[in-house]
Amino acid sequence: MEQATIPEESARYNSMSGARYETPHCPTSFATCEVLPLLKGRPWDNYALAWVHGLRPSRIRVIDGAEHCDAWLWRVTVYIDPETRLITEITQEIEIACLGDIENGHDLCLKTQGG
């Protein structure tokens, strides 16, 4: 199997204590990503809220049905099963850097599906 090479802009973060991150000077776009999969199947309670707090959300919404298609950068959405009241998914709205051949958030999602 051929070993993957790490692009130069990604390689500089390979260190024991990490490297300070500075926002790249490139176009940006938006996407939604799944976060905190360890909470799937658990109730929405103070334990779950403690984990969500660590994401530094701008807003938190908890829904068990329809959702508005508005956008709030860094907002966390907690999806609850309406019958069991357990968490089915948690997502966060994010801003991504359009590095290399990444055109926008949807393009990044398509290019990373399947590993």
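Residue by residue, here is whether (1) of a type in the set (D, E, K, R); (2) in contact with a Leu (Cβ under 6 Å, 6 or more places away or on another chain) holds:
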| site | (1), (2) |
| --- | --- |
| 39 | no, no |
| 59 | yes, no |
| 64 | yes, no |
| 70 | yes, no |
| 76 | no, yes |
| 81 | yes, no |
Across the range 19-29, what is the total count of residues that are over 23 Å from residue 107 (Cα atoms) and either in contact with a Pro (Cβ under 7 Å, 6 or more places away or on another chain) or in contact (Cβ under 8 Å) with a residue 24 or more places away in the chain (or both)? 0
Please indicate, with yes or no, whether at least one residue in the range 24-32 is out of contact with any strand residue (DSSP E or B) (no Cβ under 8 Å at 6 or more places or on another chain) and hydroxyl-bearing (Ser, Thr, Tyr). no
Filtering the range 29-54 down to residues that are closer than 30 Å to residue 100 by Cα and loosely packed, with under 15 Cβ neighbours inside 10 Å, which residue is nearest to the chain's Cα centre (by Cα)? 33
Does residue 80 satisfy the criteria of being surrounded by 11 or more Cβ atoms within 10 Å (Cβ to Cβ), farther than 30 Å from residue 99 by Cα and modelled with pLDDT of 95 or more? yes
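Among the residues of the range 10-28, which ones are hydroxyl-bearing (Ser, Thr, Tyr), surrounded by 10 or more Cβ atoms within 10 Å (Cβ to Cβ) and part of a loop (DSSP other than H, G, I, E, B)?
Result: 13, single match.
The values are calculated or read from the model by the stated rules, or taken from the named source; none is laboratory data. Values in this document were obtained by computation on a predicted structure and should not be read as measured data. All Cβ positions, even for glycine, are placed from backbone atoms using ideal geometry, and neighbour counts span all protein chains on display.
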